[in-house]
Amino acid sequence: MLRIADEQTQDFEIKHMERIRDLASECVVLLKNNNVLPFCETKRIALYGSGARRTQKGGTGSGDVNVRHFVTIEEGMENAGIEITSKSWLDGYEKIMREAKAEWVQSLKDEARKIGVNPIMFSMGKAMPEPDYELPLDVEGDVAVYVLTRISGEGSDREDTAGDMELTETEIRDILALDKAYKKFVLVLNVGGMINLAPVASVKSVLLLGQLGTPTGDVCTEILLGKKYPSGKLAMTWAPIHKYASTEGFGDMNDTRYHEGVYVGYRYFDSIKEQPAYPFGYGLSYTKFQIETKEFCVNENEVSVTVSVKNIGDTVGKEVVQIYYSAPWGQLDKPYQELAAFAKTRELSPGEVEILSLTFDVTSMASYSEERKAYILERGDYIVRVGNSSRDTEACGILRIDNDVVTYQVKSICPEWGHKDFVPEKYIVEFPQNVKIIEVKADTILKSEAVYEKEPPYIPAGRTVDWREVASGEKSIEEFIAGLEDEQLADLCVGNYAKDSTQTVIGSACTTVAGGAGETTHFLKNLHLNAISMADGPAGIRISKAYRIVDGKVKSCEDSIVGMLSEFGDEDQQKTVAQMKAEATQKENETPLYYQYCTAIPIGTALAQSFNEEICKICGDIVGEEMELFGISLWLAPALNIQRSPLCGRNFEYYSEDPLVSGKIASAITKGVQRHPGRGTTVKHFAANNQETNRYTSNSIVSERALREIYLKGFEICIRESNPEAVMTSYNLVNGEHACNSKDLLTYVLRNEWGYKGVVMTDWYVTTEMMKNPSSKYPAASAAGCVKAGNNLTMSGLPSDKEDIMNALKDASHRYRLSTGELQACAKAVLHSILRLGEEI
Ligand code: BGC
């Protein structure tokens with residue numbers, strides 16, 4: 001591990017920033033362009049809007065990254081030599097925001113006090129709504145840019161209010177006025193999720209920049225000036241919020257019913273024939289493309305579509321080809337269409353052609369039948385389409401299956417959702433003429449059956465083994481386990497904590513990496529067992545910028561909780577913090593300071609919009625390299641929950657409403673990180689973590705079909721394709737049981753059906769009542785329940801977790817009564833990970 005004692009910018013920082021700057025334009029979606037962009041010869045720009053100077057590089061919470069510096073849009077323009085003519089507006093806006101922030105913090109504290117909740121927990125993830133104001137727009141020159149920004153983060157959901165998902169009166173007034181006044185005007189969206197653009201639908205041009213990490217402002221400028229071009233596509237449908245099937249009942253404190261079933265995002269809008277504002281898969285380019293099918297065939301259970309893509313415009317660009325299929329209705333209703341494959345071209349010059357071949361398995365089109373407890377392909381015609389958005393496709397072939405096939409026989413999981421999912425009115429799928437029909441015999445299609453494991457075997461007690469003997473290959477992990485007491489096994493299944501700990505401080509739970517989120521136990525140091533360190537993502541690595549080493553342990557020179565206490569705490573808390581800081585400084589001043597500046601990569605949603613697995617691999621590679629530098633074994637990312645509703649406060653960390661896109665992007669990132677030996681990803685939050693309201697104990701009520709086809713599917717793809725080192729379970733319950741206590745999800749699906757062998761950990765502090773909202777209906781999860789279910793590590797670890805496990809071994813009436821065999825099996829996966837990833841402690 002490198003200890004950087006020098007505050008100068010390091011070579012790796014420059015290199016990584018350049019790599020991100022190079023690829024990030026692929027994440028940007030051009031929503032509208034009426035002869036405005038690019039501004040090729042422009043030297044002067046009037047720059048307005050909340051995101052011009054106060055640009056956001058990503059969201060808040062554990063998904064934030066503590067960078068040295070990131071480039072705002074104002075700065076990006078100045079770096080490119082542009083003269084900004086609206087400085088007085090930007091200064092005026094800055095002043096307004098400073099005043100508004102002070103008022104807002106006070107109002108949050110007052111509100112929290114009124115309802116009797118901790119102001120820090122109450123304020124978590126809340127975004128300050130945009131204020132209304134009057135600032136003169138000095139109309140000068142020909143070109144204007146209005147940058148609209150929004151931010152959200154874990155702990156709170158977004159709101160359908162002015163200043164969040166809706167535009168404020170001020171924003172609408174100024175955007176419309178600028179569009180009218182300037183010959184060339186573009187509205188740039190520096191956001192992590194959907195905005196209702198209906199009130200400004202008439203503007204000439206809209207660029208969804210997103211939040212692109214460290215080089216955000218440079219990338220924006222390069223695209224506006226035509227030095228780069230946007231080639232992203234929406235990975236989520238944009239439509240007025242009341243039109244989403246998921247809006248009704250979203251964010252209930254206790255029970256959120258996923259009554260729309262599999263009809264999420266475009267699967268819903270396309271099936272009910274509702275035109276969204278911007279469809280899934282949509283995005284313009286500075287040029288135009290023509291896509292033609294060359295060949296459609298099936299080889300041994302694989303469908304293959306060969307297309308030619310021609311650049312028919314007059315500038316360079318890249319296009320994303322998307323293949324969808326419509327499955328026939330039989331016993332099961334089916335969405336109008338579902339994405340089967342996608343691919344992006346290389347950069348094509350005007351007139352240039354690229355031939356792309358896209359493939360997918362016949363069995364990937366199967367639906368889940370709760371009645372038959374199996375994935376089935378029903379007999380009939382599967383119409384395959386090709387295009388460049390869900391609303392712009394052409395049929396390219398038909399697969400005709402002669403009989404029903406069970407492709408994968410499994411068993412029922414997560415019962416008792418107790419509702420009937422929405423079924424759309426049966427729509428007509430036009431039968432395409434003049435396309436090839438391929439007949440497929442049901443008995444030639446691959447079939448398989450899941451095998452479920454029985455009780456894990458007990459490993460009889462043996463002599464104590466030193467971990468060094470295991471590391472050198474002399475002894476096996478089983479022999480090491482044989483030598484452990486129940487107490488030691490329990491320690492292995494709980495994250496590391498200080499012996500007297502009741503603390504719940506995210507950001508200081510790691511003693512080896514400053515600002516890391518957690519690590520595995522140190523209590524087996526006497527056996528020379530090392531530990532795994534963990535740090536957050538997904539928009540880069542979240543660790544402290546500066547630290548010291550005090551009594552052999554790292555100590556951050558910033559602490560997120562201390563920061564929050566200083567801002568949101570009451571007067572006494574603020575005094576204590578000030579005192580703590582002063583004392584710490586006096587004592588520690590002597591020791592040297594070390595620095596850890598990491599690169600912020602584009603947020604998850606932006607990466608998915610690239611529809612380019614290669615660039616996601618590069619981002620993973622950058623993270624992997626920085627993990628090596630800073631001694632981090634596990635990255636707590638990527639996060640691939642489905643963007644079920646635009647209201648979810650953490651959507652920016654997630655990829656898509658579509659499980660194929662989510663799974664493919666997460667596996668590309670994992671491959672990039674895991675190219676680095678000893679480094680692994682932790683895919684999270686497994687599963688159905690689609691809202692932030694009462695996130696510790698909210699219950700997602702989902703039918704098994706929707707769970708399997710939508711919410712688990714992306715994880716399945718990622719796990720089968722890239723074998724991430726770890727999985728993090730989600731806080732929420734699924735049909736009444738905490739995800740981390742669900743044997744159905746963790747043993748039967750994840751391990752038995754998908755063959756996963758890695759380590760599974762909980763999300764942070766899921767077992768403590770302290771974190772949850774006091775009026776919540778459901779209890780916290782149980783650490784013993786984790787062991788029982790196959791969740792190997794309870795994080796970030798508390799003495800009460802170990803106690804719970806020990807009680808479950810002794811007490812026959814414990815809800816999650818445990819055998820030593822079960823505890824051994826649980827610890828075994830942790831030890832396998834430590835063998836692969838563990839660092840010296
Ligand atoms: C978040 C996780 C994160 C963990 C550790 C939790 O609050 O939900 O995504 O990895 O904290 O920081």
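Structure notes:
- Neighbourhood charge, 9 Å Cβ-Cβ cut-off, centred on Ala235 and excluding it, Lys, Arg +1 and Asp, Glu -1: -1
- Full extension of the chain between Asp314 and Asp255 yields a length gain of 15.9 nm, computed as 0.36 nm times the residue separation minus the alpha carbon distance.
- His528-Asn79 pseudo-label distance in nm [points 7 Å out on the Cα-to-Cβ vector]: 4.8 nm
- Heavy atoms of Arg113: accessible area, 1.4 Å probe, square angstrom to 10: 140 Å²
- Area of Asp361 that stays accessible when all protein chains are in place (1.4 Å probe, Å², to 10): 80 Å²
- DSSP bridge orientation in region 138-236 - percent antiparallel, rounded to nearest 5: 0 percent
- Note on the chain: antiparallel DSSP beta bridges, both residues inside, total approximately 60 percent of the bridges counted.
- Amide H partners (placed H, <5 Å) of Val734, local residues excluded: Ser700, Ala739
- Cross-link table Lys475/Lys553; Lys57/Lys227; Lys671/Lys757; Lys310/Lys664, entries beyond 28 Å C-alpha to C-alpha: Lys475/Lys553
- Tensor-based shape of region 247-335 (alpha-carbon gyration tensor, a/c under 1.5 rounded, otherwise prolate or oblate): oblate
- Label zone at Glu439, where the point sits 7 Å out along the Cα-to-Cβ direction: region 364-385 residues whose backbone N lies under 12 Å: none
- Simple point charges give the picture: +1 on the Cβ of Lys and Arg, -1 on the Cβ of Asp and Glu, and for the chain a dipole about the Cα centre of about 600 debye.
- Per residue accessible area in Å² of the chain, where ligands, DNA and RNA are left out and the probe is 1.4 Å: 37 Å²
- Heavy-atom accessible surface of the chain: percent carbon and sulfur, 1.4 Å: 49 percent
- Label point at Phe431 placed 7 Å out along Cα→Cβ; residues across region 368-395 whose backbone nitrogen lies under 13 Å: 380-383
- Dipole of region 279-370 [Lys/Arg +1, Asp/Glu -1 at C-beta], most positive-end residue of Val303, Gln290, Ile323: Gln290
- Remark: region 303-309, residue by residue, has Karplus-estimated 3J(HN,Hα) of 8, 9, 10, 9, 10, 10, 10 Hz, where x stands for each Gly or Pro and the curve is 6.51 cos²θ - 1.76 cosθ + 1.60 at θ = phi - 60°.
- Contact order normalised by residue count of the chain, Cα under 8 Å, 6+ apart, percent: 14 percent
- The chain: calculated mean residue ellipticity at 222 nm from DSSP helix runs of at least 4, using -39500 (n - 2.57): -8000 deg cm²/dmol
- Rounded to 5, the percent of DSSP beta bridges in region 699-841 classed as antiparallel: 25 percent
- Paramagnetic label zone (point 7 Å from Cα along Cα-to-C-beta, Glu487; backbone N under 13 Å) in region 784-828: 803, 806
- For region 790-841 versus region 326-366, the spacing of their alpha-carbon centroids is 43 Å.
- Shape of region 294-350, Cα gyration tensor, a/c cut at 1.5: prolate
- Within the same chain, lysines fewer than 8 places from Lys273 are excluded, and of the rest, those with a Cα less than 20 Å from its Cα are Lys243, Lys334, Lys426.
- The alpha carbon centroids of region 639-682 and region 404-438 are separated by 26 Å.
- Placing unit charges on each Cβ (+1 for Lys and Arg, -1 for Asp and Glu) gives the chain a dipole about its Cα centre, and among Gly680, Thr729, Thr393 the Cα reaching farthest toward its positive end belongs to Thr393.
- Sites Ala181 and Ile4 - FRET efficiency at Förster radius 56 Å, r taken between beta-carbons, to 0.05: 0.70
- Distance from the Cα centroid of region 55-74 to that of region 130-181 is 20 Å (rounded to whole angstrom).
- Accessible-area value, Glu94, 1.4 Å probe, nucleic acids and ligands omitted, Å²: 30 Å²
- Global geometry of the chain, whether rounded, prolate or oblate, following the gyration tensor of its Cα atoms and the 1.5 cut on a/c: oblate
- DSSP H segments from the chain that extend 15 Å or more along their own axis, Cα-based, with Kyte-Doolittle mean of 1.0 or above: none
The values are calculated or read from the model by the stated rules, or taken from the named source; none is laboratory data. Owing to the predicted nature of the structure, the values given are computational and were not obtained by experimental measurement. Note that we place each Cβ from the backbone using ideal geometry, even for glycine, and neighbour counts take in every protein chain shown. Note: accessible area is taken over every heavy atom of the protein model, side chains too, but ligands, DNA and RNA are not part of it. Shrake-Rupley method; radii C 1.70, N 1.55, O 1.52, S 1.80 Å.
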